[in-house]
Every structure is written in C-alpha cells, then in structure tokens.
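Here's the structure, in structure tokens; my notes come after.
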Amino acid sequence: MKKFFSEFLRGIIKENPTFVLVLGLCPTLAVSVSVINGIGMGIAATFVLLGSNIIIAMLKNIIPDRVRIPCYIVVIATFVTINEMVMKAYSPALNRALGIYVPLIVVNCIVLGRAEAYASKNSVVNSLFDGLGMGVGFTLALILISAIREFLGAGKLLGHTVIKGFQPAFVLGMPSGALLVIGLLLGFFNVLKSKKE
Amino acid sequence: MNATQFLTIFISAVFIYNVILSRFLGLCSFVAISKETKPALAMSLSVMFVTTMASIITWFIYRFLLIPFGLTYLRTISFILVIATFVQFVEMVIRKISPPMYRFFGIYLPLITVNCAVLGVAVLNVDMFFMNGKAIPGSFYYSLFQGICVGLGYTLAMLLMSGIRERLDLCNVPEAVKDFPLAFIIASIMSLSFLGFNGFKF
C-alpha cells in the first residue's frame, strides 16, 4: 500500500509534469485564464491519463515494439473522444471555453510521455497510480497558475470578487501574461530546488 | 471567396492569433529547438510543410469521409492517425531520395507527429470553415491557405526567438532563470508586442 502511495505522490511533487518535467504546456497556458477552466482541463487530462495508462499497461505484451507509438496514440485518442462527447453532453459551457484544447489533449506530451516511459514497462496497478498522480499534479499546477492569473488579471477567484477596489492588471489574463507567469514560476521553483541542495 | 478573406486569414494566423505566441500550440518544440537559428529554421520549414499538407489531407477526409457517413465524432482519432502516418511516410521518402536533406530535416519530423500545431490547424479548419456539417464556399482554399499561414506564423516566431536566444548566450543571466524560464519570459514580451496587431480590421 505504501508503495502505491509513493507512486501517486511522485507525480505531484518530485516529478510534477508541469514544473519539473516541463511537459504539456500548450493547454496549461491556453486555458489557465480562470480557475474553473483550469480545473476542467485538469480533470479531463487526468481521465485520459488514467484510462490510457491502464489500457496500455494491459496491452504492453501484445503491442509490437515497432508500431507502439501509433498504437498508443489510438488508445489515447479513444479516451479523448469519450472525454469530448461526455463534456459536450454534460457541460457545454466548459466545452466552449476550452475550445480546440479538448481534442488537443491527444498530443499532450504528458499522456504519451507516461505511456512510453511508465505504462509500457510497469504493472496495471502501478500504472493506475502513476496516471492518477500525474493527473493530480497537472491539475494542481493548473489551479496554481490559473489562480494567479485570475486573481491578478481579473481581480476574481472562481468568479467571485475577492478584494473590493482591487485594480486588476488585464495583461495577466492575456497570452503574454500566461507566458510571464509560467516563466517566473519555473524560475521560482529552480531557486527552491537549488536552496534545498 | 475574395481577396479580403485571404488577407484576413493571413493577418490573423500570422500576427493576431500567432500559433505560438497567442494560441500556445507547438510550445514544446518552440522552447526546445530555438537555441540556434539554423535548426530553428529547419524545424520551421518542416512544420510549415506538414501543416500545409495536413490541412489538405484532413479537409478531404472530413468532407468526403466523415461528413457523408455521419462519423464526425471520429475527427480526433482519424486526424491524428492520418497525420502520424503521413509524417512517417514523408520521413521514409526523404531518407530514400536525399540523404543530405534527411540530415537537415529528418530528425525533426518524428517530433512533428506530436506537435500540437499540426493537429491544431486541422481542428481549427474544421471549426472555422464548416458550418452545420457543410463546407462553406471556398472552404478548401481557405483551409489550405490557413495551413500555410500558420506555418508562416510558426516560422516568424521561431526565427525571432532563436535570434534573441543566440545573443542571450553572451549575457550573464541569473542561474535560476537560465534556459526554460528565461525563454518563457522572452516569449511573454514578444507576445506582448504581437498584441499590438489586435484590432486590425479590413
């Protein structure tokens, strides 16, 4: 049990997909305008990661080595399509807000990266916890970035005004603000890492 | 179908909604390969070629396969499979025909398979140039042109970025922001200047 827990925790801190592995940044930056969008994208990506990790870990002995990448892509694309349909049916507003970034989860490097680096070598249960940990790590990173951007860029958190009379800097809600926030955060985590060592 | 339409597509794909600086597609390759100008140019040209071809191929698939058979929900799977197969095919052809060209472009081609910019263009074309399950007049030419323009936008951002980063090698930057963080901060400033194109109208 302890081992599974460490598999799960690894994705959240030590190998956080966004801040440590620097993978899958396209959706991270594009949808992090508001916390709600960030959470939606995080859950969608977690679902795809979990599903594809489990299926690929099950099929790892059947898939021939030479055509493994196309096989992984088909598995991932299937889960992305399921995700798209569910989102369209139950949460059309979120689907509109995330736009083309929902089908683009298919080319998110985190998903393919975990399939190639982890699920194709480990057991089903381990892969399940790895996918879950990576997904939660990705979601937390998204929440952090989108909270900074929504608070400073629009003066709100989850759509509610936090401080009355706070003058927001709109640039943080724009694309350039996303790049600035991620750049500064990566620098900040580098400082933390070097302090620790 | 008229010239203004094409001009609008050009300005919005290259400048206003630049594929990297505004839509954030293909960021991984943008940060990883923009350290020197020559590889950056090679990568950009390969991306431009693939986005153009992908626009053409996915348009035909969507128009003549997915719509008539009511399979539009298979869009993501079919597009990514076709793009991956196409890129693999191009890689094999180039390796056979011209080894020098393979050394220049070949190593970047596998990376393009999972480049969001390529799938992004295909999905954008479908979103923009198909209305209620029907192709709008001239949609094929619009798709083709948008494919080229997105490639151009990618090239522009890559060239600017690699030029800046080549010079930054000579500067003394703080240890903590070296490489990735600094690249993002530069990209942020570039994106801010591209914001100036917002509001261009015809």
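The values are calculated or read from the model by the stated rules, or taken from the named source; none is laboratory data. Here the structure is a predicted model, which is why all the values come from computation and not from measurement. Every residue, glycine as well, gets a Cβ built from its backbone with ideal geometry; the counts of neighbours run over all protein chains shown.
Would you confirm, using the coordinates I've provided, whether A:Ile148 is in a helix (DSSP H, G or I), within 14 Å of chain B (Cβ to nearest Cβ) and not small (Gly, Ala, Ser)? Taking the combined requirement at face value, the residue satisfies it. Quick check, is A:Gly11 more than 14 Å from chain B (Cβ to nearest Cβ) and either of a type in the set (Val, Ile, Thr) or touching a Ser or Thr at 6+ places or on another chain (Cβ under 9 Å) (or both)? No: the conditions fail for A:Gly11. Scanning the range A:154-181 for residues that are in contact with a Gly (Cβ under 7 Å, 6 or more places away or on another chain) and within 13 Å of chain B (Cβ to nearest Cβ) yields a total of 6. Taking the numbered list (1) in contact with a Pro (Cβ under 9 Å, 6 or more places away or on another chain); (2) within 21 Å of A:Ser34 (Cβ to Cβ) in turn, A:Ala97 passes all entries but (1). Pull out all pairs, ordered by first then second residue, where Cβ-Cβ is under 8 Å, the residues are six or more apart or on different chains, the first lies in the range B:164-181 and is without any contact (Cβ under 8 Å) to a residue 12 or more places away in the chain, and the second is of a type in the set (Ser, Thr, Tyr). Final answer for the pair search is B:Glu175/A:Ser194; B:Ala176/A:Ser194.
Yes or no, residue by residue, for (1) within 30 Å of A:Leu21 (Cα to Cα); (2) polar (S, T, N, Q); (3) modelled with pLDDT under 85:
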| site | (1), (2), (3) |
| --- | --- |
| B:Ser98 | no, yes, yes |
| B:Tyr108 | yes, no, yes |
| B:Gly133 | no, no, yes |
| B:Gly138 | no, no, yes |
| B:Met158 | yes, no, no |
| B:Phe180 | yes, no, yes |
| B:Met190 | yes, no, no |
| B:Ser193 | yes, yes, no |
| B:Gly196 | no, no, yes |
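Per-residue answers, yes or no, for (1) in contact with a helix residue (DSSP H, G or I) (Cβ under 8 Å, 6 or more places away or on another chain); (2) charged (D, E, K, R); (3) under 23 Å from B:Cys116 (Cβ atoms):
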{"position": "A:Ile105", "(1), (2), (3)": "yes, no, yes"}
{"position": "A:Glu116", "(1), (2), (3)": "yes, yes, yes"}
{"position": "A:Ala119", "(1), (2), (3)": "yes, no, yes"}
{"position": "A:Ser123", "(1), (2), (3)": "yes, no, no"}
{"position": "A:Gly155", "(1), (2), (3)": "no, no, no"}
{"position": "A:Lys164", "(1), (2), (3)": "no, yes, no"}
{"position": "A:Phe170", "(1), (2), (3)": "yes, no, no"}
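No other residue among B:Val150, B:Val121, B:Val114, B:Val126 is within 14 Å of chain A (Cβ to nearest Cβ), free of Cβ contacts under 8 Å to residues at least 40 places away in the same chain and either surrounded by 15 or more Cβ atoms within 10 Å (Cβ to Cβ) or within 11 Å of the chain's Cα centre (by Cα) (or both) apart from B:Val114. The criterion of being β-branched (Val, Ile, Thr), exposed (fewer than 15 other Cβ atoms within 10 Å of the Cβ) and within 14 Å of chain A (Cβ to nearest Cβ) holds for B:Thr85. For the range B:169-190, the set of residues classified as aliphatic (A, V, I, L, M) and either within 8 Å of chain A (Cβ to nearest Cβ) or part of a helix (DSSP H, G or I) (or both) consists of B:Ala176, B:Val177, B:Leu182, B:Ala183, B:Ile185, B:Ile186, B:Ala187, B:Ile189, B:Met190, listed by residue number. Exactly one residue out of A:Met58, A:Met1 is under 14 Å from A:Ser127 (Cβ atoms), surrounded by fewer than 17 Cβ atoms within 10 Å (Cβ to Cβ) and not hydroxyl-bearing (Ser, Thr, Tyr): that is A:Met58. Look at B:Ile94 and say whether it is of a type in the set (Val, Ile, Thr) and more than 14 Å from every other protein chain (Cβ to nearest Cβ). When the stated conditions are applied, B:Ile94 passes them.
For the residues A:Gly113, A:Gly99, the requirement of being at pLDDT below 85, under 24 Å from A:Ser6 (Cβ atoms), in a helix (DSSP H, G or I) and at the interface with chain B (Cβ under 10 Å from one of its Cβ atoms) singles out A:Gly113. When you scan the range A:116-129, do you find a residue that is within 12 Å of another protein chain (Cβ to nearest Cβ), in contact (Cβ under 8 Å) with a residue 24 or more places away in the chain and crowded, with 20+ Cβ neighbours inside 10 Å, even just one? For the range A:116-129, residues within 12 Å of another protein chain (Cβ to nearest Cβ), in contact (Cβ under 8 Å) with a residue 24 or more places away in the chain and crowded, with 20+ Cβ neighbours inside 10 Å: absent. If you go through the range A:185-197 and keep only what is within 7 Å of chain B (Cβ to nearest Cβ), among the aliphatic types (A, V, I, L, M) and either without any contact (Cβ under 8 Å) to a residue 40 or more places away in the chain or out of contact with any helix residue (DSSP H, G or I) (no Cβ under 7 Å at 6 or more places or on another chain) (or both), you end up with just A:Val191. When the range B:88-108 is limited to residues that are over 22 Å from the mean Cα position of the chain (by Cα) and surrounded by 12 or more Cβ atoms within 10 Å (Cβ to Cβ), the one that is nearest to B:Ser29 (Cα to Cα) turns out to be B:Arg95.
It is to be established whether one or more residues within the range B:42-55 are within 30 Å of A:Val86 (Cα to Cα), of a type in the set (Ser, Thr, Tyr) and within 12 Å of another protein chain (Cβ to nearest Cβ). No; the residues of the range B:42-55 include none that is within 30 Å of A:Val86 (Cα to Cα), of a type in the set (Ser, Thr, Tyr) and within 12 Å of another protein chain (Cβ to nearest Cβ). Looking across the range A:160-178 at every residue that is in a loop (DSSP other than H, G, I, E, B) and not polar (S, T, N, Q), the one that is nearest to B:Leu182 (Cα to Cα) is identified as A:Met174. Between A:Ala77, A:Ala89, the distinction of being in contact with a Leu (Cβ under 8 Å, 6 or more places away or on another chain) and farther than 29 Å from A:Phe188 by Cα belongs to A:Ala77 only.
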